[in-house]
Structure formats: C-alpha cells, structure tokens
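One structure below.
The values are calculated or read from the model by the stated rules, or taken from the named source; none is laboratory data. The shown structure was predicted, so the numbers you read here are calculated from the model rather than taken from an experiment. Neighbour counts are summed over all protein chains in view; Cβ atoms, including those assigned to glycine, are modelled from backbone coordinates with ideal geometry. These area figures cover heavy atoms from the full protein model, side chains too; ligands, DNA and RNA do not enter into them. Shrake-Rupley method; radii C 1.70, N 1.55, O 1.52, S 1.80 Å.
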Amino acid sequence: MLRLFHTADWHLGHHLHGVSRHSEHRQFLAWLLQAMQDRQVDALIVAGDIFDTANPSALAQAQLYEFLVNARTRQPQLDIVLIGGNHDSASRLDAPSPILKALGVHVVGGLVRKPDGTIDWDRLIVPLTDSKGAIKAWCGAMPFLRHADLPGNGEAGDPLIAGVKDLYGQLSEQLQKKSSNGASLVLTGHCYMVDGRVSELSERKILGGNQHALPVDIFSGDIAYVALGHLHLAQKIGPHEHIRYSGSPIPLSFDEADYRHQVRQIDIEAGQVETTAVQIPRSVEMIRIPDGKNFAVLADVIAQLERLDLDHELPVERTPFVELRIRLDKPEPGLRQQIEEAIAGLPLRLLKISTAYGGSQQSLADANIEQRLEELQPMDVFQRCYQNRYDQSAPDSLTALFNELVESVQGGD
C-alpha cells in the first residue's frame with residue numbers, strides 16, 4: 001500500500017489585515033510533521049501556492065526549508081512533491097531544485113523546455129515509493145500554467161482551455177508509459193475547475209478569470225487520484241471522488257471563520273483508492289460578530305462581544321482574531337475609538353471593522369436619474385451619492401466642505 005498526504009495553498013508569509021500568520025503556519029507545520037509520522041505516510045504532495053507572494057520574505061522561505069529538512073530527517077524514505085501555484089514565482093521555486101532533489105524533495109515551479117523548445121516531461125514525472133523503497137506510483141506534477149506556457153491550438157472553443165487540456169493530455173500520455181509495471185498513476189496540478197466552490201475574499205482569479213474554469217476531461221487516462229490546489233475549501237469536483245482540492249491549512253479570510261481545514265490522506269492499494277479527511281487543529285480562532293454575512297447595530301455588537309467565553313490565559317499569538325460588522329445610519333467618526341474602549345482588556349485582536357449603511361448602495365449608473373448628466377451640478381451629484389449610500393441628506397457641515405473643495409478646483413491654482 002502507498003499512503004499519501006495531499007495539501008496545498010500554504011501561503012507562507014501571509015498577512016491578514018496587516019497581522020502576520022507566521023505563528024499559525026509554524027503550528028500547522030509542526031502538526032503536519034507529527035501527523036505524517038504517526039500515520040506512516042509515504043509521500044507528501046503540496047499542490048501549489050507554497051508562498052503568498054512571488055517575492056516571499058526570508059522568514060517565509062526559511063520556514064519552508066526548515067520544514068523540508070525536518071520532514072526528511074524524521075522520515076528519510078518520505079517522498080515530497082511541490083509544484084508552483086499562481087502566487088509563486090516559478091523561477092524562485094526552481095532555483096534550489098537540484099539541491100532539494102538530492103534530499104528527496106521534488107520541486108516543479110514551472111514548465112522547463114529543452115534547447116529544442118520541447119517540454120522536459122521527465123522533470124514533471126516523479127516516482128513515489130513505499131517505506132521499503134519500492135515504486136508504488138508515478139506522480140505527474142503540473143505546475144500552474146501561465147499564458148506563455150500554453151501552446152497555440154487550432155481547436156474550436158476557448159483557446160485557453162484548449163491549451164491547458166493539450167498540456168495535461170501530453171503529461172497523461174507520458175504517465176501512461178510508466179503504468180506497465182503495475183504502479184498506480186497520480187496527478188497534481190494548480191488550477192480552477194468547473195463546479196469548484198470559491199472562498200471569495202482570499203482567492204485570486206486565475207487563467208483569465210473564473211469564466212475559464214476547466215472541465216474534468218482535461219484529466220485523461222487511468223489516473224488513480226488527482227491532487228489539486230488553488231481553491232481554499234476542501235472539496236471533490238462534482239461526483240468524482242478521486243479529483244479533489246485539499247484546501248488551505250489555515251483560514252485566509254474571515255469568510256472561512258466557520259470552516260475547518262484539512263489535509264487529505266490517500267491510500268492506494270491494488271488499484272483501489274481510499275481518501276480520508278484529516279482535520280487540522282486551529283491554533284488561532286477567528287470570530288465574526290455577528291456571524292455569517294449579517295450586520296448589527298453597534299450596541300448589539302458590543303453586547304455580543306461582552307458575552308464571549310474567552311480564555312484569558314492564552315499567549316498573545318494565540319488570542320482570537322475578530323471582525324465586527326456594524327450597521328450605521330450615518331458616518332460615525334469615533335466608531336473605532338468606541339469599539340477599542342469596549343474590547344479593552346479582552347483577549348482579542350481586532351483585525352477588521354466592516355460597516356453597512358441604510359442606503360441602496362447602488363452606483364449612480366444603476367440609479368434611476370431623470371436628469372441628463374450635463375444638467376447636474378457637482379453638488380447635485382454629491383447629494384445623490386450621499387443619499388444613495390446613507391439614506392439621508394448630507395449634513396450642512398459636509399456640504400460646506402464640499403463647496404469649498406469645488407470652489408478651490410474651479411478657481412484654478
């Protein structure tokens with residue numbers, strides 16, 4: 001039997017509203033090391049977005065390399081496969097790959113072409129071995145495909161999708177050549193699939209936008225398991241149990257506050273595949289008040305804050321993050337000060353205050369305006385915008401300031 005761990009979208013170096021997630025990533029990586037050892041995992045696949053940016057900090061890079069050294073030290077037979085995602089720099093990931101390969105870590109940051117212009121497919125195919133060193137599977141490692149990677153394709157339909165399908169098809173053909181010895185075939189990639197559920201606040205649209213979501217038929221051949229990255233919520237694609245996103249290991253936005261993250265365990269034996277969710281313990285809780293996407297008046301938000309059951313013994317780096325969603329009738333310049341006074345002494349880290357007003361929130365382009373644009377004066381536009389947002393007329397103090405601004409602009413220098 002071959003046992004794999006599938007994870008993705010680590011986003012090392014991530015900051016949430018200015019707060020570093022380094023401590024949470026440290027906790028996750030320590031847990032992952034122990035979980036792989038406890039469950040006697042043979043191979044680890046990290047399906048892209050290793051880092052949060054293409055130019056990660058030295059601290060984020062050190063965190064990755066320290067993990068890789070610790071993983072191979074604890075489990076010398078462990079195979080590790082990392083691919084580049086849309087957040088990663090392909091060249092930065094590929095630069096240390098010769099050294100890492102000598103340590104049993106296979107990195108594919110981007111497509112590499114030979115001097116004759118053909119893709120070096122051998123570099124994208126990695127043997128996966130069991131604890132005794134016997135090859136039990138072959139992994140096709142496809143990094144995130146950028147526009148420059150895609151071949152010109154004469155097929156009808158979307159040229160981007162056709163180009164991606166062409167490359168995945170070629171990789172599958174190369175993989176099929178390895179199946180003659182009875183080993184299973186595994187594929188990993190970083191892309192957005194049709195029917196995938198998106199975590200809206202933390203995922204960057206890729207490959208020309210979500211209108212270019214890829215169909216499952218890009219994966220051809222007898223593939224036992226497809227380990228995907230990019231979507232931060234763990235999920236299978238449609239009815240296909242063997243095509244999955246593992247999701248990110250920590251919540252990357254408050255939209256994921258109530259979602260529990262996981263890695264995926266895959267057991268492959270005699271052509272049979274079994275997948276299991278392994279829940280990741282959360283080291284820092286995320287609290288949204290009120291929960292969901294609702295808003296509440298300030299008094300109700302403060303009342304909910306006061307009712308929280310909080311652990312006052314937690315170290316600072318473990319105290320919960322909090323987002324407050326407040327409904328207002330008009331702008332409140334002293335809002336943050338009121339909130340900070342209300343949470344003073346509570347073991348919380350206030351990361352975000354979201355506000356909503358009673359207006360329709362429509363743009364003027366969507367509003368029903370009976371006058372022609374050239375007939376409107378600047379003050380008319382200002383008053384309409386204010387009314388649309390706050391459901392009331394602008395106060396005299398603001399209109400006076402706006403008039404001063406208009407006069408200064410119209411007065412020349």
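Values computed for the structure shown
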{"item": "Debye-sum result for the stretch 1-94 in log10 I(q)/I(0), which assumes one identical scatterer on each alpha carbon, at q = 0.13, 0.17, 0.24 Å⁻¹", "result": "-0.43, -0.73, -1.33"}
{"item": "In order through the stretch 2-8: 3J(HN,Hα) via Karplus (6.51 cos²θ - 1.76 cosθ + 1.60), integer Hz, x for Gly, Pro", "result": "10, 10, 10, 10, 10, 9, 6"}
{"item": "Extent along principal axes [Cα atoms of the stretch 241-339; Å; largest to smallest]", "result": "65, 33, 19"}
{"item": "Loop sites in the stretch 302-334: GluC sites (Glu not before Pro), DSSP, at most 13 other Cβ within 10 Å", "result": "Glu313"}
{"item": "Ser397/Arg260 FRET efficiency (R0 45 Å; Cβ-Cβ; nearest 0.05)", "result": "0.40"}
{"item": "Radius ratio Rg over Rh of the stretch 85-132, counting only Cα atoms, Kirkwood formula for Rh", "result": "1.02"}
{"item": "Per-residue HN-Hα couplings for the stretch 244-250 [Karplus 6.51, -1.76, 1.60; θ = phi - 60°; Hz; x = Gly/Pro]", "result": "9, 9, 7, x, 7, x, 10"}
{"item": "Entries of Lys165/Lys293; Lys132/Lys236; Lys101/Lys136 with Cα pairs more than 28 Å apart", "result": "Lys165/Lys293; Lys132/Lys236"}
{"item": "Förster radius 30 Å - calculated FRET efficiency between His15 and Asp309 (Cβ-Cβ, nearest 0.05)", "result": "0.60"}
{"item": "Backbone N under 17 Å from the Gln77 label point (7 Å along Cα→Cβ), restricted to the stretch 108-152", "result": "127-138"}
{"item": "For the chain, accessible area per residue (1.4 Å probe, heavy atoms of protein chains only), Å²", "result": "48 Å²"}
{"item": "Computed over the stretch 37-147, the ratio Rg/Rh where both radii use C-alpha atoms and Rh is Kirkwood", "result": "0.97"}
{"item": "Distance (nanometres) between label positions extended 7 Å along Cα→Cβ at Gln338 and Leu59", "result": "3.5 nm"}
{"item": "Separation of the Ala148 and Gln176 label points, Cα + 7 Å toward Cβ, nm", "result": "3.2 nm"}
{"item": "Linear extension gain, Asp267 paired with Leu103, 0.36 nm per residue minus alpha-carbon span", "result": "56.6 nm"}
{"item": "Carbon + sulfur, % of accessible area of the chain - ligands and nucleic acids excluded, 1.4 Å", "result": "49 percent"}
{"item": "Structure-based [θ]222 nm, the chain - -39500 (n - 2.57) summed over DSSP H runs of at least 4, per residue, nearest 500", "result": "-8000 deg cm²/dmol"}
